[in-house]
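Derivation of every value follows stated rules applied to the coordinates shown; laboratory data play no part. A quick note: this is a predicted structure, and the numbers were derived from the prediction, not measured. Cβ coordinates were reconstructed from backbone atoms using ideal geometry, including for glycine residues, and neighbour counts include every protein chain displayed.
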Amino acid sequence: MSDLRDLYQEVILDHGKRPRNFRFPEGANRESEGYNPLCGDHLTLKARVEDGSVSDVGFQGDGCAISKAAASTMTEAVKGMTQSEISELFDSYHALVTGADGVEPDLDRLGKLAVFAGVSEFPMRVKCATLAWHTLQEALAGEGGTVSTE
């Protein structure tokens, strides 16, 4: 288990230092901002939705390693998905990072996102790990507002 935990930590640190999709996609037609006042994480997320699916998504902002890594891995995972598929994936991810009683996260569906399993041991970090997801949901709803974790 220690080797697995080390691998998870390595993936999170890699995505935190070198986030993927740390840019705004051309032709973005959805946008939202997210803010976690407790940790200071702040990001702007933009997505291009075509034919009901996210064809491209990216973000920019500042935050802790978990926040950046979560946004980075999320942007990789959701490309090509519909809003309902993203919601289902988020439900499983949320169960994973919160350690929700009686809810088993679908690890096969989560893929690389499973590296955030250890977040459940640190409840204060759950908001860091979910900020990008809440921001994406706001953007996909077409509201274009600001999401706050408080």
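Restricting the range 58-69 to residues that are touching a Leu at 6+ places or on another chain (Cβ under 7 Å) and in contact (Cβ under 8 Å) with a residue 60 or more places away in the chain, the residue that is surrounded by the most Cβ atoms within 10 Å (Cβ to Cβ) is 59. When the range 75-89 is limited to residues that are of a type outside the set (A, V, I, L, M) and assigned to a helix (DSSP H, G or I), the one that is farthest from residue 138 (Cα to Cα) turns out to be 76. Which residue, of 132, 95, 141, 114, is surrounded by 15 or more Cβ atoms within 10 Å (Cβ to Cβ) and under 16 Å from residue 32 (Cβ atoms)? The conditions single out 132.
With the requirement that a residue be part of a helix (DSSP H, G or I) and more than 14 Å from the chain's Cα centre (by Cα), what does the range 99-118 give you?
107, 108, 109, 118
Only one of the listed residues (33, 85, 10) is free of Cβ contacts under 8 Å to residues at least 12 places away in the same chain and surrounded by 14 or more Cβ atoms within 10 Å (Cβ to Cβ). That residue is 85. Under the condition of being surrounded by 15 or more Cβ atoms within 10 Å (Cβ to Cβ) and small (Gly, Ala, Ser), the residues counted in the range 42-54 number 2.
A single entry from 92, 55, 72 fulfils the requirement of being among the hydroxyl-bearing types (Ser, Thr, Tyr) and not in a helix (DSSP H, G or I): 55.
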